[in-house]
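Engineer: Sharing a structure, written as structure tokens. Questions coming.
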Amino acid sequence: MLHSNDSAPVAAQLFSSLIEGLASGDPAIREESAAKLGILGDRSACQPLLGCLDDPDPRVRLQAVEALHKLGDKEALPGLVQALHDQDWWVRVSSAEAIGALGDDALARTLVLDLGSGDPLVRSSAALALGKLKWSEAAGTLLLMLESDHHWIRYAAAVALGEMEGAQAVGPLCSLMLKDDDFLVRAGAARSLGRIKDPQAVQSLRRAVVKDRNELVRADGLESLRLIWGGTEDGSPAQPRTEDPTRTED
């Protein structure tokens with residue numbers, strides 16, 4: 001049994017071992033070490049974890065981002081902004097999540113400039129981060145991005161507008177959900193309509209639930225109807241209704 005006066009040396013030894021693990025030649029050990037450093041919660045791991053954002057293995061980079069998010073140290077923000085340009089989609093999404101938790105208005109104003117980038121990766125990542133920051137001043141630009149030729153950009157703009165929960169996005173998102181060629185874009189629009197919870201979206205969501213050819217879009221549309229009708233994201237039940245949620249009007 002470990003006595004309390006022994007716990008500090010053991011914790012220090014564990015921390016040192018995990019830091020060493022970040023430099024292992026085995027990517028699985030680097031990944032595990034990054035994840036455990038996030039759980040350990042010692043902010044002195046911030047700089048070593050930032051160094052992992054250049055790791056050749058995307059799984060290690062992803063765990064490093066998630067650990068930095070858990071540590072909650074704003075000193076990590078410059079590195080997390082750079083990680084928005086990562087070649088791996090999940091690293092970028094996780095970075096946007098972390099920025100949403102740690103960022104502020106000053107950072108949002110900087111990210112807005114990236115919405116004008118010629119690189120679809122940069123534009124989509126900036127949109128996701130601004131959505132997490134709920135920076136509604138970017139909504140006008142995001143609405144225009146729904147018309148982009150690139151599916152990444154349309155998807156990210158749709159998701160970001162849902163995070164901002166602005167009613168002005170309902171019409172454009174309904175149109176995107178019903179007409180876009182990419183099923184992930186349609187699904188992203190459907191989920192965002194559930195976040196906004198505007199009853200004006202109900203008829204379009206019903207149509208998507210019945211007529212969309214993709215199962216994910218249909219499922220997301222049905223979940224959004226539940227949210228609009230009184231359900232909550234924590235799983236509490238929707239209010240009883242007499243209407244058939246799959247009924248549409250031609």
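Engineer: Taking the simple approach of a point 7 Å from Cα along Cα-to-Cβ for both Trp229 and Ser117, what is their distance in nm?
Structural biologist: Label at Trp229, label at Ser117, 4.1 nm between them.
Engineer: What is the helix-to-structure angle for 89-102, meaning the angle in degrees between its Cα long axis and the longest Cα principal axis of the chain, kept from 0 to 90 and rounded to the nearest 10?
Structural biologist: 80
Engineer: Under the 0.36 nm per residue contour assumption, what length would be gained going from the current alpha-carbon distance of Lys74 and Lys179 to full extension?
Structural biologist: Full extension from Lys74 to Lys179 adds 33.8 nm.
Engineer: In what sequence, highest mean first, do 113-122, 140-149, 76-85 appear when ranked by Cβ atoms within 10 angstrom?
Structural biologist: 76-85, 140-149, 113-122
Engineer: Counting Lys and Arg as +1 and Asp and Glu as -1, what is the net charge of the other residues whose Cβ lies under 15 Å from the Cβ of Leu62?
Structural biologist: Charge balance in the 15 Å sphere: -3.
Engineer: Mind checking the full-extension length gain between Ser44 and Ser24? Use 0.36 nm per residue of separation minus the Cα-Cα distance, one decimal, nm.
Structural biologist: Result for the pair: 5.3 nm of gain on full extension.
Engineer: To test your reading of the geometry: what angle, between 0 and 90 degrees and rounded to tens, separates the Cα axis of helix 170-179 from the longest principal axis of the chain?
Structural biologist: On a 0 to 90 degree scale, this one is about 80.
Engineer: Estimate the FRET efficiency between Ser16 and Trp89 by the formula 1/(1 + (r/R0)^6), using the beta-carbon distance for r and 30 Å for R0, to the nearest 0.05.
Structural biologist: 0.35
Engineer: Give the angle, between 0 and 90 degrees and rounded to the nearest 10, that separates the Cα long axis of helix 120-132 from the longest principal axis of the Cα atoms of the chain.
Structural biologist: Compared with the principal axis, the helix lies near 90 degrees.
Engineer: If packing is taken as the average count of other Cβ atoms within 10 Å, what order do 11-18, 166-173, 152-159 fall into, highest mean first?
Structural biologist: Sorting 11-18, 166-173, 152-159 by mean packing, highest first, produces 152-159, 166-173, 11-18.
Engineer: Mind checking which lysines have their C-alpha under 17 Å from Lys197, skipping anything on the same chain fewer than 8 residues away?
Structural biologist: Leaving aside lysines fewer than 8 places away in the same chain, those within reach of Lys197 are Lys134.
We did not get these values from a lab; they are worked out from the coordinates using the rules stated. None of the values given here were measured: they were computed from a predicted structure. Positions of Cβ are generated from backbone atoms using ideal geometry, with glycine treated the same way; all protein chains shown enter the neighbour counts.
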